[in-house]
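The values are calculated or read from the model by the stated rules, or taken from the named source; none is laboratory data. Not measured: the values here are computed from a predicted model. With ideal geometry, Cβ positions are generated from the backbone for all residues, glycine too; neighbour counts draw on all protein chains shown. Side chains are part of the model used for accessible areas, which takes the heavy atoms of the whole protein and leaves out ligands, DNA and RNA. Shrake-Rupley method; radii C 1.70, N 1.55, O 1.52, S 1.80 Å.
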Amino acid sequence: MFLLLPFDSLVVNLLGISITVLFTLLLVFIIVPAIFGVSFGIRKVYMKTLLKIFQWATLRIERGAKEKKHPLYKPYVNGIIAKEPTSLEEEIKEIRRSGSGKALDTPEFELSDIFYFCRKGIETIMDDEVTKRFSAEELESWNLLSRTNYNFQYISLRLTVLWGLGVIIRYCFLLPLRIALAFTGISLLVTGTTVVGYLPNGRCKEFLSKHVHLMCYRICVRALTAIITYHDRENRPRNGGICVANHTSPIDVIILASDGYYAMVGQIHGGLMGVIQRAMVKACPHVWFERSEVKDRHLVAKRLTEHVQDKSKLPILIFPEGTCINNTSVMMFKKGSFEIGATVYPVAIKYDPQFGDAFWNSSKYGMVTYLLRMMTSWAIVCSVWYLPPMTRQPEEDAVQFANRVKSAIARQGGLVDLLWDGGLKREKVKDTFKEEQQKLYSKMIVGNHEDRSRS
């Protein structure tokens with residue numbers, strides 16, 4: 001049996017005291033407030049302190065750049081090409097007028113017409129409004145994260161020391177703390193929902209399930225040091241409805257579920273995610289699909305319709321874009337969730353990129369790498385707006401209703417409303433888009449010829 005020297009004994013005692021103090025602080029300042037849904041305001045003080053540091057760092061960078069006569073990088077907002085909203089017919093008319101001098105009334109094809117399509121193609125290559133929605137947005141100010149703006153270089157010794165100190169704080173203090181909190185939240189979610197699942201159906205089970213979910217999601221929110229501002233809570237989704245929101249990150253689910261009780265919809269996974277899904281469905285009627293069922297639109301619609309028709313069941317949480325967009329825009333909503341005739345509760349989510357970029361570029365980063373980036377950011381700051389419920393009008397089809405909801409979300413969140421399908425992130429442009437331009441040009445030529453023949 002080994003005997004501990006006095007120094008070794010002192011080290012062991014100090015380590016034991018440190019661990020005890022750490023877990024006590026976690027319990028008192030994070031886990032217990034998460035259970036009761038209260039906050040001591042520590043995260044807001046932390047955010048204000050970071051803002052002051054970022055402001056000082058930005059001023060120091062600007063002063064250093066002026067002294068060395070280095071231009072500061074300013075990202076473009078509205079694109080690098082000035083575009084005016086003109087129609088195909090107007091632009092071709094202008095090209096013909098400045099070139100051959102022929103009017104558009106001439107039904108024959110003009111060689112100069114191809115310049116319109118060439119210019120549009122080059123503009124799209126140089127300033128593609130779709131592709132740039134799938135890359136992280138650049139910041140005009142530096143937030144001491146080397147990955148947010150690569151144009152800021154070494155300025156001064158003090159700034160470099162401050163950045164190094166930030167790395168130590170984020171990786172040596174915040175990261176272990178956040179991992180511990182995430183492990184605690186996930187463990188409690190699996191254990192709590194499994195235990196609640198054995199209870200008979202009734203008000204007691206529903207009450208316990210709701211509070212277990214809320215408690216665990218709030219702990220996970222604190223694992224990201226997420227600072228969330230909820231607006232218009234009187235419009236929160238209600239039973240028998242569908243909650244639809246714009247999609248920036250996988251943590252959108254945690255952001256919304258920490259303030260409401262939802263039935264999730266998704267594909268059944270394996271591994272840790274599968275364990276969590278199987279535990280959750282025991283306590284709450286979530287809607288999970290097998291991989292083979294996901295592509296069956298009729299089956300999915302049937303399951304969703306059955307769920308929303310039961311007014312005692314929880315509102316369904318859906319992200320109709322189907323992929324993550326980079327916090328600047330809202331892309332096309334899939335029409336499936338708008339066909340079933342339920343009340344839709346729109347929700348707009350907007351992240352503040354100053355403290356950390358929440359966008360998940362799934363084609364570049366795996367889930368583990370993405371979560372590591374989130375947990376080594378300063379914080380996740382976002383605003384959530386609950387919009388008034390919307391229903392499908394008698395004269396609307398599902399696509400028109402989806403576009404109306406999407407426009408309301410984009411307007412409230414200050415996002416760009418785009419008609420493009422987010423599926424273009426991984427797929428080629430459909431032939432229908434090309435054919436649409438061909439039809440417009442053909443209609444312009446043939447239509448003018450027919451009008452002239454009648455006259």
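Could you list, in sequence order, all residues of the stretch 321-375 that are assigned to a strand (DSSP E or B) and either among the β-branched types (Val, Ile, Thr) or in contact with a Ser or Thr (Cβ under 7 Å, 6 or more places away or on another chain) (or both)? Scanning the stretch 321-375 gives Val330, Val344, Val347, Ile349, Lys350, Tyr351.
Please work out if Met280 is under 22 Å from Ser187 (Cβ atoms), touching a residue at least 40 places away in the same chain (Cβ under 8 Å) and either open to solvent by 20 Å² or more (accessible area, probe 1.4 Å) or charged (D, E, K, R) (or both).
Details: under 22 Å from Ser187 (Cβ atoms): yes; touching a residue at least 40 places away in the same chain (Cβ under 8 Å): yes; either open to solvent by 20 Å² or more (accessible area, probe 1.4 Å) or charged (D, E, K, R) (or both): no.
Criteria not met by Met280.
Being modelled with pLDDT of 75 or more, of a type in the set (Lys, Arg) and under 30 Å from Leu214 (Cα atoms) is a description that applies to Lys48. The number of residues in the stretch 379-396 being among the acidic types (Asp, Glu) and either in contact (Cβ under 8 Å) with a residue 24 or more places away in the chain or open to solvent by less than 60 Å² (accessible area, probe 1.4 Å) (or both) comes to 1. Only one of the numbered conditions (1) part of a strand (DSSP E or B); (2) of a type outside the set (Phe, Trp, Tyr); (3) under 11 Å from Val330 (Cα atoms) is violated by Ser383, and that is (3). None of Tyr230, Tyr217, Tyr261 is assigned to a loop (DSSP other than H, G, I, E, B), out of contact with any Pro (no Cβ under 7 Å at 6 or more places or on another chain) and among the aromatic types (Phe, Trp, Tyr) except Tyr261. Report the residue count in the stretch 243-255 for those that are in contact with a helix residue (DSSP H, G or I) (Cβ under 9 Å, 6 or more places away or on another chain) and open to solvent by less than 10 Å² (accessible area, probe 1.4 Å). Total satisfying the criteria: 7.
Can you name every residue in the stretch 398-427 that is of a type in the set (D, E, K, R), in contact (Cβ under 8 Å) with a residue 60 or more places away in the chain, over 30 Å from Leu175 (Cβ atoms) and not in a strand (DSSP E or B)? Don't jump to the end; show me each part of the working.
Residues of the stretch 398-427 of a type in the set (D, E, K, R): 404, 406, 411, 417, 421, 425-427.
Next cut, in contact (Cβ under 8 Å) with a residue 60 or more places away in the chain only: 406, 417, 421, 425-426.
Narrowing the set further to residues that are over 30 Å from Leu175 (Cβ atoms) leaves 406, 417, 421, 426.
Lys406, Asp421, Arg426 - these are the residues of the stretch 398-427 that are of a type in the set (D, E, K, R), in contact (Cβ under 8 Å) with a residue 60 or more places away in the chain, over 30 Å from Leu175 (Cβ atoms) and not in a strand (DSSP E or B).
The residue of the stretch 377-414 that is farthest from Ala348 (Cα to Cα), among those that are among the hydroxyl-bearing types (Ser, Thr, Tyr) and touching an Asp or Glu at 6+ places or on another chain (Cβ under 7 Å), is Ser407. The condition of being open to solvent by 20 Å² or more (accessible area, probe 1.4 Å) and not small (Gly, Ala, Ser) holds for only one of Thr376, Thr343, that being Thr343. Might you let me know whether the stretch 159-178 holds any residue that is out of contact with any Phe, Trp or Tyr (no Cβ under 8 Å at 6 or more places or on another chain) and in a loop (DSSP other than H, G, I, E, B)? Checked against the condition, which is being out of contact with any Phe, Trp or Tyr (no Cβ under 8 Å at 6 or more places or on another chain) and in a loop (DSSP other than H, G, I, E, B), the stretch 159-178 yields no hits at all. Considering the conditions (1) open to solvent by 10 Å² or more (accessible area, probe 1.4 Å); (2) at pLDDT 85 or above, Asp296 is excluded by exactly one of them, (2).
Of everything listed in (1) farther than 18 Å from Met280 by Cβ; (2) at pLDDT 90 or above; (3) not aliphatic (A, V, I, L, M), the single unmet condition for Gly240 is (2). Would it be correct to say that Leu387 is more than 14 Å from the chain's Cα centre (by Cα) and closer than 30 Å to Tyr171 by Cα? So Leu387 fails the test.
When Asn361, Asn327 are checked against the criterion of being in contact with a helix residue (DSSP H, G or I) (Cβ under 8 Å, 6 or more places away or on another chain), closer than 30 Å to Ile169 by Cα and among the polar types (S, T, N, Q), Asn361 stands alone in meeting it.
Those residues that are of a type in the set (Gly, Ala, Ser) and closer than 24 Å to Val416 by Cβ, I need them from the stretch 350-376; list them, please. Residues satisfying the conditions are Gly356, Ala358, Ser362, Ser363. Within the stretch 38-54, how many residues are open to solvent by 90 Å² or more (accessible area, probe 1.4 Å) and touching a residue at least 24 places away in the same chain (Cβ under 8 Å)? So the count comes out to 1. Report, by residue number, each residue of the stretch 155-171 that is among the hydroxyl-bearing types (Ser, Thr, Tyr) and either in contact with a Ser or Thr (Cβ under 7 Å, 6 or more places away or on another chain) or open to solvent by 40 Å² or more (accessible area, probe 1.4 Å) (or both). Across the stretch 155-171, the qualifying residues are Thr160, Tyr171. Just one of the listed residues (Val196, Val212, Val265) is under 22 Å from the mean Cα position of the chain (by Cα), crowded, with 18+ Cβ neighbours inside 10 Å and closer than 20 Å to Trp288 by Cβ, namely Val265. Take the conditions on the phi > 0 side of the Ramachandran plot and at pLDDT below 90 and apply them to Gly197. Does it pass? Spelling it out, it is not the case that Gly197 is on the phi > 0 side of the Ramachandran plot and at pLDDT below 90.
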